Amino acid sequence: MPWIARPGLAASATWTRAAYMEAMAKSGRPVDLTEAQFQAIQARKPAAMKRIEQYLKERLGSADPAVMAAFQELPREYFHYQYDVKRATPGDAYEENPKPWALGYGSALSDYLGQAYMTQVAKPKPGDVTLEIGTGSGFQSSLLSRIVKKSYSIEIIEPLGKAVGKIFAPLGYDNVETRVGDGYFGWPEVDGGFDMIIITCAAQYAPPELFKQLKPGGRALIPIGQPFKRGQFLYVYTKDEDGKIHSRKDVGVFFIPMTGAMMKTPAPPPIATPAPTAAAPALAPAAAPAAAPAEKPAATDG
């Protein structure tokens, strides 16, 4: 049976300029966009979808139908917005050469190839409860919400987190819950923990509280490295049925740093057991920004 993304407003034929304008207004982000401009954006989407599919096939061997369906469902133009100056930038969506776009407050909307890569590596499933650290634009949490049962997300930048928290309901995404806080401590109030945790900023080490909230059999994706420096890598962690954490080194990445307690708390002793095949796939360092699923890239997605 082919994968069908969880339904939302933009999944139907009713995603028109009027629907976009109404959703933007309800989210507190009014925009002025002509019909011609709206149609030009939509016309670029098929080519972007082909780029995503080809990229995933090249890097991972195949493109997960669930990830592709979720990308197809999301109206990316809705997430292009500069919150510090209150300016919508929908015309930047589906660019030919994917790159991060500014959101304000030092955050950014990541390039869509990196987001697709990180999502597929995370292996989200329909019954999952997931946690994202670094809400940013809300795109990543929305993307997961089209696949999983419940998508939680934490943003440490208060004005950004409060504003982005209003964007989900106008699209009908009722299984996304966000809050402002320090993601270092996770979301311990969520009963039962998480099947998957994804950090979209560079941690200097894996926050131990997150592993406590990871269910047995769960996965965690964490970029590890020093702030604003090359040499960061994405690590994929798994928790076995006995509660032991295993790690695998993946691709090179480049994220802005995780702030808050991460900057003040000394690193604990390692708790992960490296996988026997921990070598990263053959990916040239120069290609890292394209392969780097950075929700908040340095010098700038969430």
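Once you treat every alpha carbon in the stretch 47-135 as an equal point and sum by Debye, what is log10 I(q)/I(0) at q = 0.13, 0.16, 0.17 Å⁻¹? For the requested q values the scattering log ratios are -0.47, -0.70, -0.78.
A simple charge model with +1 on the Cβ of Lys and Arg, -1 on the Cβ of Asp and Glu and nothing else charged puts the dipole of the chain at about 300 debye relative to its Cα centre. Note on the chain: dipole from Cβ charges, positive end direction compared against Phe194, Phe168, Ile245; the farthest Cα belongs to Ile245. Give, to the nearest whole percent, the P(r) tail of the stretch 82-190 beyond 25 angstrom, counting all Cα pairs. Roughly 17 percent, once rounded to a whole number. Cα convex hull of the stretch 9-291: mean projected area in nm², to one decimal? One quarter of the hull surface, i.e. the mean projection, equals 14.1 nm².
Pairs exceeding a 22 Å alpha-carbon distance, out of Lys229/Lys264; Lys50/Lys249; Lys99/Lys249; Lys229/Lys249: Lys50/Lys249; Lys99/Lys249. Between Met196 and Val129, Leu131, Arg219, the built amide H atoms are under 5 Å apart, and every one of these is 5 or more places off in sequence or on another chain. Pair-distance distribution P(r) for the stretch 133-217, from all Cα-Cα distances in 5 Å bins starting at 0: 3, 15, 27, 26, 19, 8, 2, 0 percent.
In straight-distance terms, cross-link reach from Lys26 covers every one of the lysines whose alpha-carbon lies under 19 Å from its own, apart from those fewer than eight places away in the same chain; here that gives Lys86, Lys162, Lys166.
Derived scalar couplings between HN and Hα for the stretch 137-151 equal 6, x, 5, 5, 5, 5, 4, 5, 5, 6, 10, 9, 6, 8, 10 Hz in order, rounded to whole Hz, by the Karplus curve 6.51 cos²θ - 1.76 cosθ + 1.60 (θ = phi - 60°), x for Gly and Pro.
Only the coordinates and a few stated rules stand behind these numbers; no lab work does. A quick note: this is a predicted structure, and the numbers were derived from the prediction, not measured. We place every Cβ from the backbone using ideal geometry, glycine too, and count neighbours over all the protein chains shown.
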